Each structure stands twice: as C-alpha cells, then as structure tokens.
Amino acid sequence: MNPTKINQTDQPTEKVKIYSNTLNQIRLPLVVALTLCAGIFIGAKMFGNQNQQDLQSVTLKFREIFHYINNDYVDSVNLNQVGEAGIKKMLEELDPHTYYIPAAEVEESNAPLEGDFEGIGVEFNIFKDTLQVVVPMPGGPSEEVGIQTGDRIVAVDNENIAGIKLTSKIVFDKLRGKKGTKVLLKVVRRSSAKPLEFTVTRGKIPTYTVDAAYMLDQQTGYLKISRFGAKTYEEFKKGMEQLISQGMKRLVLDLRDNPGGYMDKAVKIVDELVAGEKLIVYTKGNQSRYENSEKASHKGMFETGAVIVLIDDGSASASEIVAGALQDNDRALIVGRRSFGKGLVQKPISLTDGSELRLTISRYYTPSGRSIQKKYEHGKADEYSHDVTNRYLHGELYHEDSVKLDKTQAYKTAGGRTVYGGGGIMPDVFIPQDTSYYSPALHALYRENLVREFAIEYAQNNKAKLSKLAENEYLTQFEISETDWQQFVAFAKEEKIKFVEKEFAISKNFLKNQLKAMIARSIWHKETVSYRVLAKEDTDIQGCLQHFEKAEDLAKGKGLTSNK
C-alpha cells in the first residue's frame, strides 16, 4: 500500500555540491546571448565535444543571430524569453537530467534539499479553491498564535486568496518570506461565527527528510527516508540511536519514492551499515576532477544486524547508491520493485543572472562496477520520462517475469551473486505492487482531496475524545466504525462523487485505514503515528517481515542460495 503513487512524478533529479564555476571568459553584448553561449562553453570545456575553433564558430553564430533578431526582426521581441527557450532546447540534446532553472525558480527548486525554509509553518491542502490548514507545524509561528487544524485561510494581508484558482505557487508566494516579517491572516473556523484575524511573525521552519523511525515489533526497527537533503545524515543517526535504544536487532530501511538528493549523505549512511573499508560508490567523467571513489571509513552504528532495504520504481539516484552499495557488498537484502535507474551525477552551476545550470559531469558505479543508468536517446526526453508509465503498462510492477534485464551487463556481488546494470536496482526479493484496493471511486476521492478533507473534519469534531487516548491506545483501540464509514460515503456523495457500491466496497478497507492514519496526523501532528497505522496494511512492509531469514543470512556472511 503506497498512496503517494497516485501523484507520483517519474523523473527524479539530484543535486550534488562539488565545484564552483565562473563565466568571466565570455563577453557578449546581449545578456541572453551571454547565458546561452556560456552553456556551450561549459559543455565544450568539460566534455571536449568541440575543439576551440568549433567553439568560437558556434559562439559567433549565436551572436550574429541575436544581433539580427534584435535589429531586424519584424516585431518587438523579448530577448530574455527567446534566450531562455533556446537554452532549454539546447540542453535537450544532452542527457535527460541536465537542465536549466530560471533565476526566479532557483530558490524554490533548492528548498526541498536545504533542510529548512522561512515562512508561517503550516502544512496545507487546497480544497474547493480554498487554502486549508492540515496541521500547524509543532512549535512554529502559526501554532504559537493559535492557528488550528481545519482553519481556512481566506485572505493574506487583506488580499483575498479564496476562489481565485488558487495554486501551491500562489500560497508559497503569499506565505513564505523573511524571518521576522509579519503577515496578517484572515481565517474562517467552523467554531467561530465570524472570521478571525491572526498576525503571524514568519520564522525559520525546519523540514525533515526522515519521516518516521519506530519499532515494527520488539526486534525490528523501521526508518523511512523521503529524500537525501542537507540534514538527512544527522536525522538518520538520531533515528537509529532511538531505535537501537529500544532494542532494535534488525532494520527495514524504506527508500520507496525517494528521488535522491545529495550523494555524500547517501555515502555516509551506507558507512554506518557496512564494516571495514568496503567500496561504496565511484564516479567517472571526462574530466579527472570528477572521478572519485568513496569507501567506508569508520566504525558504523549498525554494522552487524540484519538489514532490508525497501525500494520501488520511485527510488532514484542517491537511493540507488545506498541500495546498490548494500546489495553489492552482500550487506542487505533488497526488497520491492526495480528502482528508477538514474546513474548520472549533476553539478549545480550558478550563472551570472542568478539562474542555475545543472550539468551532468559524471556517472556513478556501484561497488561491483555496474552503472544503473537506464537507456536514453539524446533529444528524446519525453520518451525517457514515460519509462515508469511503460513499466506499468507492460505489467512489470505486478509480475517479476515482465522485468527486462540487460543480461549483457552482468556483475558479481562480493559473495558471488549475479546482479545486472543498465536499468536500476533489481531487488533480491520481488514484491508486486498491491492493486487489490484500486477503483475509479478511489481515484476520484483522491483527485478531489476528499479523504483528507473528511479526516480533518472528523478529527476536529472528535478531538476532545481522541486526544485523551495515548498513541498506542489509538492504534490498538480506535477503528473507523460502520457509522463513520456511512458518514464518509454520504460526504462523498455530497461532493458529487458517483457512488458505485462495488467500487466503494473494493476500496473500503484501504480507505478506512487511510482515514485512521490521517485522523491521527491531525490529532498528534506527528508523521510517525500515521506511518504506524499505515504499516499494518502495507503489503511491502509486511512482505519484508517475511524475508528476514535471508537478510540474517547475509548479515552472518552466509550469502543467498539464489537471487530470488
């Protein structure tokens, strides 16, 4: 069970901090031409695709073209807009992960990896063209002034934001801002006859990449990493320390739908799990400064216990470095479905106008020598981005026999098992994606955000009763009753969801579990409690628990009798 699949993107990217760069060698009369030619110059210097004469020739050509557009074109032209389009088109001729970020989008693009942001501190949902507070972040500015779960923010600094075709970008633009600045919010609350006003002083809001760390049973720890950001390693260590103190003897490391991030954080996490000075990853590029190898270098905090790494088609880049290193060193059992297949490393290069070029500068290889980068053709980014959809259409997510491995790229793990490159990490144990609960009704309910909306309303109406329960009491004693379910069905009908009894019956148990998890999130404002609810119906996690005997054999150095 993995509800995030509904809105999954299928082309993860990665940012790796390594070297800086300068554009001082280039001088062009037009700002746009300057940026465009700089990209060509960088490509030529790094990859040696063109000799210096070719470089001068193509640079001159761009100068000439922009000169004639500027002076002779029939209509007035926005040269910046033309240049931006030209840059993006030029980069399409390279690999699918080299791309350009306009200056206005750089900060937002980098935010998920940087560890925190400045704003009012709410998790929100857009429902019926209105901004709804899912939870105020604990200890954040909004919670401090009294913003509550279920509040609807209808105006910001006396400017209406309800019913204006609201988007997430509009919300970010209105609510994020420098620490210490103030923002006036008008809030509609069910318990209040009149709108309420709150003045919120923006602050530094921490974001977390380790979503959950808790014990699945008396000996099995579970740790979920959503991406590899600036603070992931520190969060990982804190979570592991907590689990070890609670008696963890074996670990499920969940990297499903993790698109990657900083390579060095992935390396450090692997180093905590492998003993000695084993190779973790190495890179190769056309320039020697981009060739490097990383090995384990210190005594890790969990080098002997059994480990299972859970992956799927949304696990990419840094996630694949972790899975590949642990698989090739026979340190962990890899469980789930074939990973995304991104083996290219990008370097972020700041351009003079504040925009950013993320240029592929090397390929990374797992310890056995395999590149897990899946095939791509230059200039065909659309085909590449549809790969995950094609896996679904070909049945690969449900049938192991449908997975097409490149048998010409066979490699050996430290223990002699055969693994394959050229298309992601193939798990040692395949678990098909659970679709038993899928229905058109389920899709419609998620599309309209009705599951979350009902859960928030239910939590508010029952907060006094539910908040008296301890988390463990809630997990073991509370269930969505048949009366609750009928109220949910009635709510869906009111929101114009077509009621087909068979479809609702198919998705009923899944939806009840989702509602229980979301209600818990609204009451306790913590991710862990909702993850604990979801785990009981998660076929991937339950599958992991059935295969720890194999993981324990690996931990003891016995290897596996087969790759299955």
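All of the numbers you see were taken from the coordinates with simple rules; none came from a lab. Predicted, not measured: the structure shown is a model, and the values here were computed from it. When we count neighbours, we look across all protein chains shown, and the Cβ atoms used for this are built from the backbone with ideal geometry, even at glycine.
Results, tabulated for the structure shown:
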{"quantity": "Cβ-Cβ FRET estimate between residue 526 and residue 410, R0 fixed at 30 Å, reported to 0.05", "calculated": "0.10"}
{"quantity": "Residue order, fewest to most surrounding Cβ atoms within 10 angstrom, among 200, 74", "calculated": "74, 200"}
{"quantity": "Segment residue 449-residue 469, length gained on full extension (0.36 nm per residue, minus Cα span)", "calculated": "4.5 nm"}
{"quantity": "For percent of Cα pairs over 40 Å apart, calculated from these coordinates, the label among (1) 24; (2) 33; (3) 28", "calculated": "(2)"}
{"quantity": "Contact order relative to length of segment 440-541, as percent, for alpha carbon pairs under 8 angstrom and 6 or more apart", "calculated": "40 percent"}
{"quantity": "Listed pairs 299/412; 231/493; 169/249; 178/375; 249/404; 174/536 exceeding 32 Å between Cα atoms", "calculated": "231/493; 169/249; 178/375; 249/404; 174/536"}
{"quantity": "Within straight-line cross-link reach of residue 498, lysines at Cα separation under 19 Å, skipping those fewer than 8 residues along the same chain", "calculated": "128, 508, 512"}
{"quantity": "Whole-Hz ³J(HN,Hα) from phi, Karplus 6.51 cos²θ - 1.76 cosθ + 1.60, for segment 304-318, glycine and proline x", "calculated": "10, x, 5, 10, 10, 9, 9, 10, 8, 5, x, 7, 9, 6, 4"}
{"quantity": "Exposure proxy order (Cβ contacts within 10 Å, fewest to most) of 188, 388", "calculated": "188, 388"}
{"quantity": "Segment 116-206, relative contact order [Cα under 8 Å, separation at least 6], %", "calculated": "35 percent"}
{"quantity": "Relative packing of 219-229, 87-97, which averages over residues the other C-beta atoms within 10 Å, highest first", "calculated": "219-229, 87-97"}
{"quantity": "Contour minus Cα-Cα distance for residue 436 and residue 350 (0.36 nm per residue)", "calculated": "26.3 nm"}
{"quantity": "Net length gained if the chain between residue 108 and residue 52 were fully extended (0.36 nm per residue, minus Cα distance)", "calculated": "16.5 nm"}
{"quantity": "Beta bridges by DSSP in the chain, antiparallel share as percent, to the nearest 5", "calculated": "75 percent"}
{"quantity": "Debye log10 I(q)/I(0) at q = 0.12, 0.16, 0.21 Å⁻¹ for segment 116-206, Cα point scatterers", "calculated": "-0.30, -0.55, -1.00"}
{"quantity": "Gap separating the Cα centres of segment 283-309 and segment 60-121, nearest whole Å", "calculated": "35 Å"}
{"quantity": "For residue 181, distant residues with modelled amide H under 5 Å away", "calculated": "202"}
{"quantity": "Burial ordering of 152, 202, 331, fewest other beta-carbon atoms within 10 Å first", "calculated": "152, 202, 331"}
{"quantity": "Spin-label model distance (nm) - residue 196 vs residue 264, 7 Å beyond Cα toward Cβ", "calculated": "4.4 nm"}
{"quantity": "³J(HN,Hα) computed for each position of segment 273-282 - Karplus, 6.51 cos²θ - 1.76 cosθ + 1.60, integer Hz, glycine/proline x", "calculated": "10, 10, 9, x, 10, 5, 5, 9, 6, 9"}
{"quantity": "Listed pairs 165/347; 224/268; 88/374; 238/295 exceeding 25 Å between Cα atoms", "calculated": "165/347"}
{"quantity": "Average Cα contact separation per residue, the chain, under 8 Å, 6 or more apart, as relative contact order %", "calculated": "15 percent"}
{"quantity": "Peptide ranges 324-330, 212-218 listed from the most packed, as the mean C-beta count within 10 angstrom indicates", "calculated": "324-330, 212-218"}
{"quantity": "Residues listed by number, segment 415-431, amide nitrogen under 15 Å from residue 542 label point at 7 Å toward C-beta", "calculated": "431"}
{"quantity": "Using a Förster distance of 22 Å, the FRET efficiency for residue 304-residue 234 (Cβ separation, nearest 0.05)", "calculated": "0.45"}
{"quantity": "Peptides ranked, highest mean first, by Cβ atoms within 10 Å: ranges 154-167, 261-274", "calculated": "261-274, 154-167"}
{"quantity": "Sites residue 277 and residue 553 - FRET efficiency at Förster radius 25 Å, r taken between beta-carbons, to 0.05", "calculated": "0.60"}
